[in-house]
Amino acid sequence: MTNVVYLPAPSLTAAEALVRQTAEELDAELLPGGFFFVNVVDMDGGTTNAVYADAPAQEQGRMLNVYSGPSGSVGLLEGWREVPELSTDFAVSVGPSLSGATGTTVTIDASPAGVVRLMGDGVSEQELLDLAARLLGTP
């Protein structure tokens, strides 16, 4: 008879936990007021895009995309600024939309585990920064 030894699952680092948490549906209390979960889209290279809205599909409302996935060092992009009050464990930066559309993007660089991007369409910069603070457990 063979003895089987079960080892405890390795604990996640804070960075791994952040990337994993944002790859799935976020708890409603983390989201800006009035937002609800729509769906998660699996993209290339292990990236996910969780989509949230504050109005039914047939109505024009605000959208929030939470991209989560692997990356190297992100650094500051042109026109972006660091958010030092949130950059305690991870580098947090904010700037214009990465897609060229109107809107704001907040990036949480959780390297080497990955990166989280909060992209808002009609969502204020402050709402995105508040969401980043809640995800990071910052008051």
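The values are calculated or read from the model by the stated rules, or taken from the named source; none is laboratory data. Only a predicted model underlies this, so the values are computations on that prediction, with no experimental measurement involved. FYI the Cβ positions are ideal-geometry reconstructions off the backbone, even for glycines, and counts take in every protein chain you see. Protein only, heavy atoms only, side chains kept; ligands, DNA and RNA dropped before computing areas. Shrake-Rupley method; radii C 1.70, N 1.55, O 1.52, S 1.80 Å.
Rolling a 1.4 Å probe across the protein heavy atoms gives the chain an accessible surface of 58 Å² per residue. Label-to-label distance, residue 24 versus residue 12, with points set 7 angstrom from Cα along the beta-carbon direction: 0.7 nm. Placing +1 on the Cβ of every Lys and Arg and -1 on the Cβ of every Asp and Glu, with no other charges, gives the chain a dipole of roughly 200 debye about its Cα centre. Counting only DSSP H runs of at least 4 residues, each contributing -39500 (n - 2.57), and dividing by the residue count of the chain, the helix-based mean residue ellipticity at 222 nm comes to -4500 deg cm²/dmol. Along its first, second and third principal axes, ordered by size, the stretch 41-92 spans 39, 27, 22 Å in Cα coordinates. Give, to the nearest whole percent, the P(r) tail of the stretch 80-122 beyond 15 angstrom, counting all Cα pairs. Beyond 15 Å sits 40 percent of the P(r) for the stretch 80-122. Electrostatic bookkeeping for residue 39 treats Lys and Arg as +1 and Asp and Glu as -1; over the other residues with beta carbon under 12 Å from its beta carbon, the sum is -3.
Along each principal axis, taking the top coordinate minus the bottom one, the Cα set of the chain gives 65, 36, 32 Å in descending order. Extending 7 Å from Cα along the Cβ direction at residue 138 and again at residue 44 yields two label points whose distance is 3.2 nm.
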